[in-house]
1. Filter the helices (runs of 4 or more DSSP H) completely within region 176-277 down to those with at least 3 residues that are within 16 Å of the ligand (Cβ to nearest atom), in contact (Cβ under 8 Å) with a residue 24 or more places away in the chain and among the polar types (S, T, N, Q).
2. Taking into account only those residues within region 134-146 that are over 17 Å from the mean Cα position of the chain (by Cα) and in contact (Cβ under 8 Å) with a residue 40 or more places away in the chain, which is nearest to residue 22 (Cα to Cα)?
3. Hey, residue 58 hits all of (1) crowded, with 18+ Cβ neighbours inside 10 Å; (2) outside the structural domain of residue 28 (by TED's automatic domain parsing); (3) touching a strand residue (DSSP E or B) at 6+ places or on another chain (Cβ under 7 Å) but one; which does it fall short on?
4. Yes or no: residue 78 aromatic (Phe, Trp, Tyr), within 26 Å of residue 44 (Cβ to Cβ), assigned by TED's automatic domain parsing to the domain that holds residue 29 and crowded, with 20+ Cβ neighbours inside 10 Å?
5. Residue 333 fails exactly one of the following numbered conditions: (1) of a type outside the set (Asp, Glu); (2) at pLDDT 95 or above; (3) within 16 Å of residue 218 (Cα to Cα). What is the number of that condition?
Amino acid sequence: MSYAGKIKYPCAVSFPGYISEESIYLLEQSHWIFEPLTASKEMIEIAGSVTAPDDLVVVVPGKQTGVLEEHGRRTLKYSVLSNGFSPGIFAGDYEVKKMRVGSTEVEFYYSPKHRAYIETLEIENHIQNIVTYYEKNIGSYPYQEYPLKIVETSIYKPGGHSTLNIVTVSEHVFNREMDQELREHSDSFSPDPTSLKGMTFIEDIDLLAHEIAHQWWGTGVRVEEDSPWSSEGFACYMPYKYITEEFGPGTSAVIPEMWRKRVNSLENSYYYTNPEMLENLPEKQRQGYEMQTLKTELYGQMPLQLMRAEELLGEDIFFARLSEIYAEYKFKSLSYEEFLSSLELSEDDLEGDTRAGAEKETEGIAEMETEKDTEGIAEGEVFLDE
Ligand SMILES: [Zn+2]
């Protein structure tokens, strides 16, 4: 098969992707490729190739199996074994850093324009630490036969995305301003969560860790989406745990406070307490309200429920059970009922208040939420398309 021309995108709900001379961004919702499925969700072997001008570094799904160069073009062959194939293809002027984390190969594709920031802020170390943390507490990377590819993409698609062995994060995360102090004392950089800069850095790491967490939860274990039950809960919760480990509870505390704030603001909203009035709202506004509610459930309520589960069971037992669930449900569907019964907890148990909910809100959180929401939207749109 070969493809050419403009992408025809049937609905304008979210970003369809693009092909330009400088870079390529194609996700499953670009519908750029026939998406094979097996009725019984059995593993099927898929092989393909992508041809692009040879000044672009192309990131292919699965494993790269061959390269052919001719007439200024490069063809990359790839193969992948999967039980549902909705691949992403990305290309750009990338530098690649390869690293090994435990038994997992990690490839980090980033723009050379952002090398100084990436090196100063030790992004590579964070990637390694995030993967190490997830492997230690949940289990080994689900696609042991493929490298985990982490790809910087253009600002046209803010936020991030996770698909079969590829995680993308938008360039704004690696393109922050560095002040003089940071350039001179990079070895002693520790983010101060009370400053806007420190908070922005924590949010950036949070986003990176969020997309990487989806490799375990969402792409690895297929969480049967039934709001608020969703892979987003895990993808919000695991970064919070990582940030606590890496930067301390004083820094990470703003994250559950933000979830709580989000849930509180929904629960205090007029239409939440008067749902019968929703029908008087114009269609567009009602959809807006429903979208906001859904996001609050996925990105606020669900991670708070996981936090509650951890408080009830204790961190060690909670992580031990999560590891068992991961091992049992890897590449399979996981329903909320199955999750609860594996934890030996009930729905009511998880709906209680967490300790985080009792903490009082500070000025800094509001700032964080403003920016976080922007990323949440991009994330949310991705989810809603699937
Ligand atoms: Zn997500």
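The values are calculated or read from the model by the stated rules, or taken from the named source; none is laboratory data. Everything quoted here is computed from the prediction, not taken from an experiment. Every residue, glycine among them, receives a Cβ derived from its backbone with ideal geometry; neighbour counts consider all protein chains shown.
1. Details: elements: 180-184, 196-216, 231-247, 249-252, 254-267, 270-273.
In region 176-277, there are no helices (runs of 4 or more DSSP H) which contain 3 or more residues that are within 16 Å of the ligand (Cβ to nearest atom), in contact (Cβ under 8 Å) with a residue 24 or more places away in the chain and among the polar types (S, T, N, Q).
2. 146
3. That leaves (2) as the condition not met.
4. It is true that residue 78 is aromatic (Phe, Trp, Tyr), within 26 Å of residue 44 (Cβ to Cβ), assigned by TED's automatic domain parsing to the domain that holds residue 29 and crowded, with 20+ Cβ neighbours inside 10 Å.
5. It is condition (2) that residue 333 fails.
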